[in-house]
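Chemist: Sending over a structure as structure tokens; questions will come in a sec.
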Amino acid sequence: MTWAHYRLTFRLLSPLHVGYRRTGNLMQTRPYVPGRLLWAALTARLTRDAGQGDDKEAYQRVGEQVQRTFRFGYLWPALGEKDNPKTLPNMAYFPWEHKDDYDYLLLGSVMSTSLDPHQTTAHEGSLHEVEYLAPYTRDGCPVFLLGDLWVREDDLPTNLQGWKDALRHIQLGGERGYGWGRVQLEPDSNKSGQQGKESTLGGHKWEEDGSEIVITLKPDGKLEAHALAAGEGALPTEVVQGPVEVLVGWGWYGGRYGLSHAQVAYAPGATCQRGLTVRIGPNGIWQAIP
């Protein structure tokens, strides 16, 4: 079995909120799209396109199939040209490379509250502010999302064959009922050529190792995805330097809806002190090779 590599390019059409944490009244967003979010959006679209949108077991079944036959990279913002918005970018605008203006250019927020219709006043404690990744920078440049995707095309179940069309109709993140998270898959999101096949979006070399995608990290290279920091598959603590956070998510586990087991992981942007080889695990999280 072999993996086909795709470089995805999405045009951001509306504000995008990727849940991160709450600080006071502010609901912060992550400035990128984790692999788990892309997996969930693709799973939901494939399940609904098959006419099984009302079957919770179908979501779980399709999700497991997608996890087995796809490997997800994280999606990172990229800036288009203000005067020529149809020109597609080929380089991500990583926050660790643009610390001075990243938040200013790309992030915005909207404040709202719930109203009591009987007293024409705001519900107490309902004031909140939602942060988002904007579809245009403050100086008017269109914003895109770039990322890697690997697909085991020779092993795809029949119900996953339409994954390319499904990607054209996904919506990402929160506040989707308000029209947020709309993206447009650009036509150059095709199977990569030889040059694209050699490296990830962040410039790390990748290759196949049996049934896995293996990435070789450069010395002083940055993690472009979360990487396990504790437990089985954890990267050596003496090799990686950077912030650590706990990852949890909602989903169906053991026949019920609840929180996943917590994973302790290095945040994207952490630095690899020396060369290291990792594999891409479920939801695009990087893991040490046993």
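The values are calculated or read from the model by the stated rules, or taken from the named source; none is laboratory data. Every value quoted in this text rests on a predicted model; they were computed, and no experiment measured them. Here Cβ is always computed from backbone atoms with ideal geometry, including for glycine, and neighbour counts include all displayed protein chains. Accessible surface areas use protein heavy atoms only, side chains included; no ligands, DNA or RNA. Shrake-Rupley method; radii C 1.70, N 1.55, O 1.52, S 1.80 Å.
Chemist: In segment 229-265, what residues are out of contact with any Asp or Glu (no Cβ under 8 Å at 6 or more places or on another chain), open to solvent by less than 40 Å² (accessible area, probe 1.4 Å) and assigned to a strand (DSSP E or B)?
Modeler: Val240, Glu245, Leu247, Gly251, Gly258
Chemist: With the structure loaded, tell me whether Val214 is open to solvent by less than 80 Å² (accessible area, probe 1.4 Å), within 18 Å of Tyr74 (Cα to Cα), assigned to a strand (DSSP E or B) and of a type in the set (Val, Ile, Thr) or whether it fails that test. Walk me through how you get there before you give the answer.
Modeler: Numbers: open to solvent by less than 80 Å² (accessible area, probe 1.4 Å): yes; within 18 Å of Tyr74 (Cα to Cα): yes; assigned to a strand (DSSP E or B): yes; of a type in the set (Val, Ile, Thr): yes.
For Val214, the condition - open to solvent by less than 80 Å² (accessible area, probe 1.4 Å), within 18 Å of Tyr74 (Cα to Cα), assigned to a strand (DSSP E or B) and of a type in the set (Val, Ile, Thr) - is met.
Chemist: Please go through segment 144-178 and pick out each residue that is of a type in the set (A, V, I, L, M, F, W, C) and in contact with an Asp or Glu (Cβ under 8 Å, 6 or more places away or on another chain).
Modeler: At the first step, the residues of segment 144-178 found to be of a type in the set (A, V, I, L, M, F, W, C) are 144-146, 149-151, 156, 160, 163, 166-167, 170, 172.
Correct list: Phe144, Ala166.
Chemist: Still on this structure, I have one more. How many residues are in a loop (DSSP other than H, G, I, E, B), out of contact with any Phe, Trp or Tyr (no Cβ under 9 Å at 6 or more places or on another chain) and at pLDDT 85 or above when one looks only at segment 188-210? Reasoning before the result, please.
Modeler: Residues of segment 188-210 in a loop (DSSP other than H, G, I, E, B): 188-190, 192-193, 200-204, 210.
Adding the requirement that they be out of contact with any Phe, Trp or Tyr (no Cβ under 9 Å at 6 or more places or on another chain) leaves 188, 193, 203-204, 210.
Checking the rest, the ones that are also at pLDDT 85 or above come to 203-204.
Of the residues in segment 188-210, 2 are in a loop (DSSP other than H, G, I, E, B), out of contact with any Phe, Trp or Tyr (no Cβ under 9 Å at 6 or more places or on another chain) and at pLDDT 85 or above.
Chemist: Which residues, taken from segment 3-51, are buried (at least 18 other Cβ atoms within 10 Å of the Cβ) and either of a type in the set (Asp, Glu) or in contact with a Ser or Thr (Cβ under 6 Å, 6 or more places away or on another chain) (or both)?
Modeler: Result: His5, Arg7, Leu8, Thr9, His17, Val18.
Chemist: If you don't mind, there's one more thing I want to ask. What's the number of the only condition in (1) of a type in the set (Phe, Trp, Tyr); (2) at pLDDT below 95; (3) closer than 21 Å to Leu223 by Cα that Tyr59 fails to meet?
Modeler: (3)
Here's the yes/no breakdown for (1) part of a helix (DSSP H, G or I); (2) of a type in the set (Asp, Glu); (3) under 14 Å from the mean Cα position of the chain (by Cα):
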position: Thr2; (1), (2), (3): no, no, no
position: Thr9; (1), (2), (3): no, no, yes
position: Arg22; (1), (2), (3): no, no, no
position: Arg36; (1), (2), (3): yes, no, yes
position: Leu42; (1), (2), (3): yes, no, yes
position: Thr47; (1), (2), (3): yes, no, no
position: Gly51; (1), (2), (3): no, no, no
position: Ala58; (1), (2), (3): yes, no, no
position: Val62; (1), (2), (3): yes, no, no
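Chemist: Quick one: would you say Ala225 is in contact with a strand residue (DSSP E or B) (Cβ under 7 Å, 6 or more places away or on another chain), assigned to a strand (DSSP E or B) and either farther than 29 Å from Gln60 by Cβ or open to solvent by less than 30 Å² (accessible area, probe 1.4 Å) (or both)? Walk me through it before giving the result.
Modeler: Values: in contact with a strand residue (DSSP E or B) (Cβ under 7 Å, 6 or more places away or on another chain): yes; assigned to a strand (DSSP E or B): no; either farther than 29 Å from Gln60 by Cβ or open to solvent by less than 30 Å² (accessible area, probe 1.4 Å) (or both): yes.
Here the answer is no, as Ala225 does not meet what is asked.
Chemist: Answer yes if at least one residue in segment 270-286 is open to solvent by 40 Å² or more (accessible area, probe 1.4 Å) and within 26 Å of Tyr20 (Cα to Cα), and no otherwise.
Modeler: We begin by selecting, within segment 270-286, every residue open to solvent by 40 Å² or more (accessible area, probe 1.4 Å); these are 273-274, 277, 279, 282.
Going one step further and asking which of them are within 26 Å of Tyr20 (Cα to Cα), we end up with 279, 282.
Looking through segment 270-286, at least one residue is open to solvent by 40 Å² or more (accessible area, probe 1.4 Å) and within 26 Å of Tyr20 (Cα to Cα).
Chemist: Still on this structure, please answer the following. When you go through Gln119, Gln171, Gln161 one by one, which is the residue that is at pLDDT 95 or above and either open to solvent by 10 Å² or more (accessible area, probe 1.4 Å) or out of contact with any strand residue (DSSP E or B) (no Cβ under 7 Å at 6 or more places or on another chain) (or both)? Break it down stepwise before answering.
Modeler: Working: Gln119 fails: at pLDDT 95 or above; Gln161 fails: at pLDDT 95 or above.
Result: Gln171 is the single residue among Gln119, Gln171, Gln161 that is at pLDDT 95 or above and either open to solvent by 10 Å² or more (accessible area, probe 1.4 Å) or out of contact with any strand residue (DSSP E or B) (no Cβ under 7 Å at 6 or more places or on another chain) (or both).
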